[in-house]
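The values are calculated or read from the model by the stated rules, or taken from the named source; none is laboratory data. Everything numeric here is computed off the predicted structure, so don't read it as measured data. Positions of Cβ are generated from backbone atoms using ideal geometry, with glycine treated the same way; all protein chains shown enter the neighbour counts.
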Amino acid sequence: MNRSFRLLAALTVIALPSAASAQAITGSIVATADISTVFSFGAPTGLSFGNITPGSAATGSGYIPLSRNVGVIYSLPDGATTGRLVGPGGNLQPTYTCGVGSTSATIVSAFANCNAAGAQLTLVSPPALLTEYVIFNGSLAAGQTNITPGTYTGTIRVTATPN
Amino acid sequence: MTPRTGLHALFALILASWPESAAGQSKQTVSIIPVQSLSFGLLLPGLREAVSVTDVSRRAVVALAGDGPVDVALVLPSAMETSSGDRILLSFSTSDAALLTASGTTLSQLDPLQVNRVQLGNGRSILFVLGGTAVTSATTRPGHYTARVALLVNHPGT
């Protein structure tokens, strides 16, 4: 009988449940950020031919900065009348050279045309955020300025489209 | 008592002490419930953006519930990435984690770079919050960047 009790006690010991088991668990946290597209014109500097003596040639230069981190397509919505001046003597259409430069002083990438509609210059996405300058250099021939005195003004419109 | 009676008594004693089911065992359970992501938002190239643990709308929040002491450790990524492999570096400081009550009261500052011992109790949730700093460069390209922080919760001794 003692042997039976000992056997039963042994079975009981063996069959006892194990100690409570601890638990390890994992979760995750998501981190997010969005880098925005930078594409904006800055403040322009107007193009002025100054005070012109009738019958004299004149030149002027103006620009507008564009900051971007994507490609761009430049176009001229006014086409042939881009930068036309209007005043007491009617219309006055300067001749322009135009394009884009890394500074406001020098055109590095010229537009295909400065007085035609449609896309004039396409630039690829830059490796880093940059600011470039859309530059218009205008000239008036002597014969053009022999007109009615007064103030002649106009607007050069440039469209920049993200590419 | 006869020997047979004694055996019956012993069997009864064993059966009475046997756990009825697995649920009757003493088991320490902890739950992790993500509440909010770490959101740096819309960033500009070339700038650093820090999210502090007090930034209610942008900090990460995870609810922890359970009983007893637990060790909380993080596996922190070095950067967020886009699907095309562009990266924004991430950094975490010693003050970029904290423990809050469910109502938002700060219980303690935690160091996300270390293993932190946290006391859970009475099955009530506490909030683990995480901040961090994103560092963009001028060459960081537009896009949606993501990363995952692994949260490891262990009972001491495991």
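Between B:THR101, B:THR133, B:THR82, the distinction of being in contact (Cβ under 8 Å) with a residue 12 or more places away in the chain and touching a His at 6+ places or on another chain (Cβ under 9 Å) belongs to B:THR82 only.
Just checking, how many residues over segment A:42-62 are assigned to a strand (DSSP E or B) and under 26 Å from the mean Cα position of the chain (by Cα)?
Total meeting the criteria: 4.
Scanning segment B:5-56 for residues that are at pLDDT 95 or above and touching an Asp or Glu at 6+ places or on another chain (Cβ under 6 Å) returns a single hit, B:PHE40.
Applying the set (1) of a type outside the set (Ser, Thr, Tyr); (2) at pLDDT 95 or above; (3) surrounded by fewer than 17 Cβ atoms within 10 Å (Cβ to Cβ) to A:PRO127 leaves exactly one unmet item: (2). Looking across segment B:87-100, just one residue is among the β-branched types (Val, Ile, Thr) and not in a loop (DSSP other than H, G, I, E, B), and that is B:ILE88. Quick check: is even one residue across segment B:72-80 facing chain A (nearest Cβ under 10 Å), part of a loop (DSSP other than H, G, I, E, B), at pLDDT below 85 and out of contact with any Ser or Thr (no Cβ under 8 Å at 6 or more places or on another chain)? Looking for residues that are facing chain A (nearest Cβ under 10 Å), part of a loop (DSSP other than H, G, I, E, B), at pLDDT below 85 and out of contact with any Ser or Thr (no Cβ under 8 Å at 6 or more places or on another chain), one finds none in segment B:72-80, hence no. Taking the conditions exactly as written (within 10 Å of another protein chain (Cβ to nearest Cβ), buried (at least 18 other Cβ atoms within 10 Å of the Cβ) and touching a residue at least 24 places away in the same chain (Cβ under 8 Å)), does B:VAL30 satisfy them or not? When the stated conditions are applied, B:VAL30 passes them. A single entry from B:SER84, B:SER137, B:SER108 fulfils the requirement of being at negative phi, outside any strand (DSSP E or B) and more than 10 Å from chain A (Cβ to nearest Cβ): B:SER84. Only residues that are modelled with pLDDT of 95 or more, within 18 Å of B:PRO69 (Cβ to Cβ) and either outside any strand (DSSP E or B) or among the small types (Gly, Ala, Ser) (or both) were counted across segment B:111-133, and they come to 3.
A:GLY60 fulfils the conditions (1) farther than 30 Å from A:ALA142 by Cα; (2) modelled with pLDDT of 95 or more; (3) touching a Phe, Trp or Tyr at 6+ places or on another chain (Cβ under 9 Å) except for a single criterion, (1). If you go through segment A:46-90 and keep only what is surrounded by 15 or more Cβ atoms within 10 Å (Cβ to Cβ) and in contact with a helix residue (DSSP H, G or I) (Cβ under 8 Å, 6 or more places away or on another chain), you end up with A:ILE52, A:ALA58.
Among the residues of segment A:93-118, those identified as over 14 Å from A:TYR63 (Cα atoms), in contact with a Ser or Thr (Cβ under 7 Å, 6 or more places away or on another chain) and not hydroxyl-bearing (Ser, Thr, Tyr) are A:PRO94, A:ASN115, A:GLY118. Look at segment B:140-154: where a residue is without any contact (Cβ under 8 Å) to a residue 24 or more places away in the chain and facing chain A (nearest Cβ under 7 Å) and a partner is in a loop (DSSP other than H, G, I, E, B) and crowded, with 17+ Cβ neighbours inside 10 Å, sitting 6+ places away or on another chain with Cβ atoms under 7 Å, you get B:PRO142/A:ASN69.
When segment B:33-54 is filtered for residues that are more than 19 Å from B:ALA150 (Cβ to Cβ), more than 8 Å from chain A (Cβ to nearest Cβ) and surrounded by 14 or more Cβ atoms within 10 Å (Cβ to Cβ), the ones remaining, listed by number, are B:ALA50, B:SER52. Would you confirm whether any residue within segment B:92-100 is facing chain A (nearest Cβ under 9 Å) and either among the aliphatic types (A, V, I, L, M) or over 17 Å from B:HIS155 (Cα atoms) (or both)? No, that holds for no residue. Taken together, the residues in segment A:30-45 that are among the polar types (S, T, N, Q), within 17 Å of B:PHE40 (Cβ to Cβ) and at pLDDT 95 or above amount to 1.
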